[in-house]
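Contents: one structure, followed by commentary.
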Amino acid sequence: GSDNFPTRYLVNDAAVMCNRPVVFGSIYKFEGQVSVFNYRGGPTYRCLFPSPPPPGASPNCAEIGVLGVLPGLIGTMQANEVMKIICGLGEVLSGKLLTIDCLSMRTQVLKFRKTVHEIPEALNDTEYACIREEGVIVEVAPEDFIKSDLKNITVVDVRTSKERENSQMDILPPDHDDIHIPLDQLQSLHHTIPTHQAVVFYCQSGVRSQQAAQLFLQEYPSTNVQSLRGGLTALLNSVT
């Protein structure tokens, strides 16, 4: 159970090294995917997805959401593939990607071939492939943010105006103000953010603030830029 690409590639490479099959399941909003990788020398995850997508191209479940029954449906399909592998029954989804759209209940089975690639001799952390080349964004933990000296920090809210209006939590004490710039307006308004001190971006769950911090760091590479880990949700949990 993972919600990040580095883990998927590490699991795939470990399975290839140990000659073990991987029963794969993926969910996104109302759609799901199931496949079996490295089954009896068959295609692997890297055959279907040779490299991770660019940063920000694929939002995680915490940010985009998923239909509540979908994990159960995909998990049951995965369990079915496991039973077929153990018992030697039926046709295993090797070299095949089963997709399902829960809104229409339509399914498709897409075939893909094995590509030639070297068997890894050791496991390599692929996380850097999922991070922009400009640099790694430092995340500040909610408990550390609460204890920090806010006089030396510029705090920027990148949520939408609607989210900000409906928010029931003030992230700063009464004598401190933050700056509100929605993420889609950051590129045109980044010059309004002071750069002489540390800048901390925040959003609801910490995903958009990572993107905002990365965009800002591109414009001001020498600035101390951070993102609030887990966003307001994590901050609320840390103070209650």
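The values are calculated or read from the model by the stated rules, or taken from the named source; none is laboratory data. Since we're looking at a predicted model, the values are computed, not measured. Please note: Cβ atoms are built from the backbone with ideal geometry, for glycine as well, and neighbour counts cover all protein chains shown. Remember, those area values only see protein heavy atoms, side chains included, never the ligands or the DNA or RNA. Shrake-Rupley method; radii C 1.70, N 1.55, O 1.52, S 1.80 Å.
Some points to look at:
- Added length on full extension, which subtracts the Cα-Cα distance from 0.36 nm per residue, Glu121 to Asp101: 3.4 nm
- Per atom type, segment 161-218 shows carbon and sulfur on 46% of its accessible surface, probed at 1.4 Å.
- Tensor-based shape of segment 196-240 (alpha-carbon gyration tensor, a/c under 1.5 rounded, otherwise prolate or oblate): oblate
- In the context of the full set of protein chains, the chain has a per residue accessible area of 59 Å² (1.4 Å probe).
- Scanning the chain for trypsin sites (Lys or Arg not before Pro) lying in DSSP loops with no more than 12 further Cβ atoms inside 10 Å, the longest uninterrupted stretch between such sites is 114-240.
- Dipole magnitude (debye, nearest 20) for the chain, charges at Cβ of Lys, Arg, Asp, Glu: 1240
- Formal net charge of residues neighbouring Tyr39 (Cβ-Cβ distance under 12 Å; K, R +1; D, E -1): +3
- One quarter of the surface of the convex hull around the alpha-carbon atoms of the chain equals 16.4 nm², the direction-averaged projected area.
- Cross-link reach list, lysines versus Lys114, counting only Cα pairs under 18 Å and skipping chain neighbours closer than eight places: Lys96
- Among residues other than His190 with Cβ under 13 Å from its Cβ, the summed charge is -2 (Lys and Arg +1, Asp and Glu -1).
- Glu163 accessible area, assembled protein chains, probe 1.4 Å, Å²: 60
- Cα long-axis angle, helix 70-87 against the chain (0 to 90 degrees, to the nearest 10): 30
- Candidates Thr99, Thr154, Thr76: whichever shows maximal mean-square fluctuation once the chain is modelled as a Gaussian network with Cα springs under 10 Å: Thr76
- Ranked by solvent-accessible area (1.4 Å probe, protein heavy atoms only, all chains present), the residues Thr44, Thr107, Thr115 order from largest to smallest as Thr107, Thr115, Thr44.
- In Å², nearest 10: area of Tyr39 left accessible to a 1.4 Å probe: 40
- Magnitude of the charge dipole, segment 1-56, Cβ model with Lys/Arg +1 and Asp/Glu -1, debye to 20: 140
- Taking a Cβ cut-off of under 15 Å around Lys111, the surrounding Lys, Arg, Asp and Glu residues balance to a net charge of +2, with basic ones at +1 and acidic ones at -1.
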